[in-house]
1. Expressed as a fraction of 2.2 N^0.38 Å, the rule-of-thumb size for a compact globular protein of N residues, what is the C-alpha radius of gyration of the chain?
2. For a test of the definition: using alpha carbon positions, the gyration tensor, and the 1.5 limit on a/c, classify segment 184-235 as rounded, prolate or oblate.
3. Explain nothing, just compute: Karplus ³J(HN,Hα) = 6.51 cos²θ - 1.76 cosθ + 1.60, θ = phi - 60°, for every residue of segment 139-144 in order, whole Hz, x for Gly and Pro.
4. Given the options PRO598, VAL511, ASN561, identify the residue whose Cα lies farthest towards the positive end of the charge dipole of the chain (+1 on Cβ of Lys, Arg; -1 on Cβ of Asp, Glu).
5. Give a quick list of GluC sites (Glu not before Pro) in segment 57-132 that DSSP marks as loop, anything other than H, G, I, E or B, with at most 15 other Cβ atoms within 10 Å.
6. Hey, could you get me the Stokes-Einstein D for segment 47-114, Kirkwood radius over alpha-carbon pairs, 37 °C and 0.692 mPa s, rounded to whole µm² s⁻¹?
7. Tell me, what % of the accessible area of the chain is carbon and sulfur with a 1.4 angstrom probe?
8. Hey, can you grab everything whose amide H is under 5 Å from the amide H of GLY553? Only 5+ residues off in sequence or another chain; H modelled, so Pro and N-termini drop out.
Amino acid sequence: MTQTIHAAPHDAVAQVDKAEYDARYAASVADPESYWREGGRCIDWSRPYTEVKDTSFDEADFRIRWFADGQTNVSVNCLDRHLETRGDQTAIIWEGDEPGETRKVTYRELHSQVCCFANVLKSKGVKKGDRVTLYLPMVPEAAAAMLACTRIGAIHSIVFGGFSPDSLANRLVDCDSRLVITADEGCRGGKRIPLKANVDKALDHAPGVDTVIVIRRSGADVPMVEGRDFWLHDLLADASPDCPAEPMDAEDPLFILYTSGSTGKPKGVLHTTGGYLVWAHTTFRDVFDYRDGEVFWCTADIGWVTGHSYVVYGPLSNGATTVMFDGVPNYPDHGRFWETIDRLGVNIFYTAPTAIRALMREGDSWVTKSSRKSLRILGSVGEPINPEAWDWYHRVVGDRRCPIVDTWWQTETGGILISPLPYATDLKPGSATKPLPGVQPMIVDAEGKELEGATEGNLCITDSWPGQMRTVWGDHDRFFQTYFTTYPGKYFTGDGVRRDADGYYWITGRVDDVINVSGHRMGTAEVESALVAHPKVAEAAVVGMPHDIKGQGIYAYVTLNAGDEPTDDLRAELRQWVRKEIGPVATPDALQFAPGLPKTRSGKIMRRILRKIAENDTSNLGDTSTLADPSVVDTLVAERIRPA
Ligand code: WTA
């Protein structure tokens, strides 16, 4: 029996209680049009919409459009509309890598910075619809850069600062960016990350970029290319703080964010203006039960979608105070999160299971020496949270006082789709619980047949919600093929799920060739193509394996070219190679040299078998008789390596 933790009202009255949730959910499903006609008014529109929902997942009339004749501007919703009521309230608390290295930016200050920054972009020739790439640490200027793009209608594409120059170059070229915003260096966990130097390398392979704007972060002396590279502070010195916001159609692109899928290179997920903002706004408001004056801390980097929706757009559109953290959970020690929560008076804290598991392992005393009195709500995102980690988070971090919102969603969904609402939903450790209003999950079997009641299968969403991605940048056909053809007429998430007798959802993880490493998505195909790019590698197959801290680790099988010797040095070199090609998140945890890979007679690699070997579950490998050479399996099992 799983334990159920009853939703208890906070000393203040619950903003949404059980009855309210039930009523809203029922209304949203019965008549989405009316529900969102009202729901879309949570943001300010310079031209109100009359159209609301215009969507179909069927091939014949495939379209996803929300609020299509309305006009709005994201920066106005995140800044201008708060000036009168909360201009002097802190919008962003920046917490640097060193504890107490803190800076506060008010809404009024941020508004003025964003307007100046927008004028800088304009002066560099950036126009509505142009793509601007951000490769930045977690500094307030990063949020200002995002908002400056939205102010003038430029489309931002943020590339996580942990990605390699090659990965950055690919993303620059794919969306045809002309301008990059970066910093001299990042500072993380006491180490420096050579962001500007990485940009310089990337630009050798991204000839379309003609302008680089550099933010001073570490103060390092970095080479500047005359006529191409400019310091932000120099440009801002001459910029006017007066910049009228560009009125944007609801369906005008807002941002591109690259994410890994099961095949091919990362896709540029495109979100548009109106629907995305409505979704980021309402999910932030309801899932975190945000109350005026509270301090909200989401530990995600803005290089991931969680940072977009819950460090910047959700909090700022609600007039919240949001923390931007430029450090890591274990620097200078394992008490960093809890010490910072006390110092900044954090009320709502949102992090990933991988961080919770890593800190849990270090013992309770790092937590218990802090007070955490200010905490009211805890959140989890990015991967399934195992019940042990959930319990520790609830009991030790939250002193059993704080509801945990386990929020399931994806880059593609724009914001949270399945999650408890604090004080409204009874909690079960490890379950993301119930869909938010407007979200219609369906569980299907491999053939796409709907499975009812308590069951397990593949998670689809049957109807559109405003925050849904609209296309893959430059490849609308890939968008349709990837998400709407596996189970025609439905959006397929790529996740497996179980539903219990109470209608609660339990996400079991990816059912496709995507590995979730510490909450970061990696496509197996991407790691494989990095490996085969090495001159000694003939072939590679990559699968996920269970990992105590990271959730999943990367297990690579590598076949060398004839004549190349499998040595420990070469193993280390190949791991380093992947790290350099893609970035540290892609480094294989285990790398096994394989004289041959299990293939069918038609040459298809049987990943099912490779997964089982990586998981050390070799007692039941299933049917191997269809393999071209079944003996390769015995060799692989015998030579399986134990990951470090
Ligand atoms: C996984 C991150 C279980 C899931 C917001 C999804 C989760 C992928 C949860 C998306 C959760 C995210 N419980 N699994 N609460 N949240 N996932 O695009 O497999 O980086 O498909 O978006 O993370 O990862 P992405």
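The values are calculated or read from the model by the stated rules, or taken from the named source; none is laboratory data. The structure displayed is predicted, hence computed values, not measured ones. Here Cβ is always computed from backbone atoms with ideal geometry, including for glycine, and neighbour counts include all displayed protein chains. The area values use the complete protein model at the heavy-atom level, side chains included, leaving out ligands, DNA and RNA. Shrake-Rupley method; radii C 1.70, N 1.55, O 1.52, S 1.80 Å.
1. Rg over 2.2 N^0.38 Å, computed on Cα atoms: 0.94.
2. Oblate, because a/c is 1.5 or more while a/b does not exceed b/c.
3. Here the 3J(HN,Hα) series is 10, x, 4, 5, 5, 4 Hz.
4. Farthest towards the positive end: ASN561.
5. Hits after loop and neighbour filter: GLU59, GLU101.
6. The calculation lands on 216 µm²/s.
7. Answer for the chain is 49 percent, counting heavy atoms of protein chains only.
8. MET545, HIS547
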